[in-house]
1. Determine which member of the set Thr69, Thr136 is modelled with pLDDT of 95 or more and either of a type in the set (Val, Ile, Thr) or in contact with a His (Cβ under 9 Å, 6 or more places away or on another chain) (or both).
2. In this structure, is Phe123 crowded, with 23+ Cβ neighbours inside 10 Å, at pLDDT 95 or above, closer than 25 Å to Arg193 by Cα and among the aromatic types (Phe, Trp, Tyr)?
3. Would you check if Val23 is part of a strand (DSSP E or B), surrounded by 24 or more Cβ atoms within 10 Å (Cβ to Cβ) and touching a residue at least 24 places away in the same chain (Cβ under 8 Å)?
4. Could you go through the stretch 57-77 and let me know if any residue there is free of Cβ contacts under 8 Å to residues at least 12 places away in the same chain and either of a type outside the set (Asp, Glu) or farther than 16 Å from Ala181 by Cα (or both).
5. Does the stretch 83-103 include one or more residues that are more than 15 Å from the chain's Cα centre (by Cα), in the same structural domain as Val163 (by TED's automatic domain parsing) and modelled with pLDDT of 95 or more?
6. Of all residues in the stretch 126-143, count the ones that are farther than 17 Å from Pro93 by Cα, in contact (Cβ under 8 Å) with a residue 12 or more places away in the chain and surrounded by fewer than 20 Cβ atoms within 10 Å (Cβ to Cβ).
7. Can you pull out every residue in the stretch 161-170 that is within 22 Å of the chain's Cα centre (by Cα) and either within 12 Å of Glu143 (Cα to Cα) or surrounded by 14 or more Cβ atoms within 10 Å (Cβ to Cβ) (or both)?
8. Based on this model, can you work out whether Pro179 counts as touching a residue at least 60 places away in the same chain (Cβ under 8 Å) and either assigned to a loop (DSSP other than H, G, I, E, B) or in contact with a helix residue (DSSP H, G or I) (Cβ under 7 Å, 6 or more places away or on another chain) (or both)?
Amino acid sequence: MRILGIETATKAASVAVVADGKVLAESVRESPQSFSETLMPQVEEVIKVSGAFDNLDAVAVSIGPGSFTGLRIGLATAKALAYAWGIKIIGVPTLLAMSYNFPKAKVVALIDAQKNRAYCQRFEDCSPLSELEIKTIDDTVTELEHVAGDFLLCGDVLHKIKVPLPPNVKLAPPNLRMPRASSVAVCAEDLGRVDNVMNLEPLYVRRSEAEELWERRHNLPCGQ
């Protein structure tokens with residue numbers, strides 16, 4: 001099965017083509033330009049390098065949590081490609097896909113949720129050990145001292161950690177800390193399901209800053 005993977009949950013967009021678990025091509029780019037300008041050139045690049053011009057079976061896309069704008073652009077692109085090419089679309093939770101960077105380890109995946117908080121979830125062997133939560137970054141780290149096992153921390157907030165790491169916690173290698181399109185694609189194949197191209201939505205978890213500001217300005221209760 002040949003899958004085009006798209007990952008736009010953080011500041012670095014990545015695109016990959018994976019065939020039966022083997023990475024044929026991958027592009028990772030952090031650019032001052034908008035993903036709306038750079039994502040399609042990345043798609044064209046990996047398709048050309050991989051030779052997967054007309055034999056893709058599905059497009060897998062990271063659906064969050066993560067950057068609201070990035071997730072919208074990534075999902076819109078994936079939907080357009082799936083519809084135009086007549087192939088399947090598979091939405092992949094971002095934190096689950098991150099655990100696929102370390103398939104034989106205990107992992108804590110962290111994505112920036114702003115205000116010194118992170119979306120966080122624990123995994124072992126690419127299976128969830130906890131529910132997805134939003135916590136302060138330092139609390140997420142310190143509480144691991146009381147959890148059995150050795151953990152790797154990965155994600156885009158590791159530079160914001162201000163507390164000492166517990167003895168059973170290490171930072172993931174720099175080249176494997178961030179979400180990757182190749183992991184999104186491999187995870188999608190393991191999920192063994194297909195989503196509806198019309199109904200698939202991002203997994204935001206919380207409201208955007210713009211929505212929260214609008215509520216405060218209009219004196220509305222949270223979430224009304």
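1. Values: Thr69 fails: modelled with pLDDT of 95 or more.
So the residue among Thr69, Thr136 that is modelled with pLDDT of 95 or more and either of a type in the set (Val, Ile, Thr) or in contact with a His (Cβ under 9 Å, 6 or more places away or on another chain) (or both) is Thr136.
2. Values: crowded, with 23+ Cβ neighbours inside 10 Å: yes; at pLDDT 95 or above: yes; closer than 25 Å to Arg193 by Cα: yes; among the aromatic types (Phe, Trp, Tyr): yes.
Criteria met by Phe123.
3. Details: part of a strand (DSSP E or B): yes; surrounded by 24 or more Cβ atoms within 10 Å (Cβ to Cβ): no; touching a residue at least 24 places away in the same chain (Cβ under 8 Å): yes.
No; evaluated as a whole, the condition is false for this residue.
4. Going residue by residue through the stretch 57-77, those that are free of Cβ contacts under 8 Å to residues at least 12 places away in the same chain are 76.
Among the residues that remain, those that are also either of a type outside the set (Asp, Glu) or farther than 16 Å from Ala181 by Cα (or both) are: 76.
Within the stretch 57-77, one or more residues are free of Cβ contacts under 8 Å to residues at least 12 places away in the same chain and either of a type outside the set (Asp, Glu) or farther than 16 Å from Ala181 by Cα (or both).
5. Of all residues in the stretch 83-103, those more than 15 Å from the chain's Cα centre (by Cα) come to 83-89, 103.
Then keep just the ones that are in the same structural domain as Val163 (by TED's automatic domain parsing); that gives 103.
Adding the requirement that they be modelled with pLDDT of 95 or more leaves none.
Checked the stretch 83-103: no residue is more than 15 Å from the chain's Cα centre (by Cα), in the same structural domain as Val163 (by TED's automatic domain parsing) and modelled with pLDDT of 95 or more.
6. The initial filter retains those residues of the stretch 126-143 that are farther than 17 Å from Pro93 by Cα, namely 135-143.
Filter once more, keeping what is in contact (Cβ under 8 Å) with a residue 12 or more places away in the chain: 135-138, 140-142.
When the remaining residues are screened for being surrounded by fewer than 20 Cβ atoms within 10 Å (Cβ to Cβ), the result is 135-136, 138, 142.
The qualifying residues number 4.
7. Listed by number, the residues that qualify are Ile161, Val169.
8. For Pro179, the condition - touching a residue at least 60 places away in the same chain (Cβ under 8 Å) and either assigned to a loop (DSSP other than H, G, I, E, B) or in contact with a helix residue (DSSP H, G or I) (Cβ under 7 Å, 6 or more places away or on another chain) (or both) - is met.
The values are calculated or read from the model by the stated rules, or taken from the named source; none is laboratory data. Keep in mind that what you see is a predicted model, and the values were worked out from it rather than measured. FYI the Cβ positions are ideal-geometry reconstructions off the backbone, even for glycines, and counts take in every protein chain you see.
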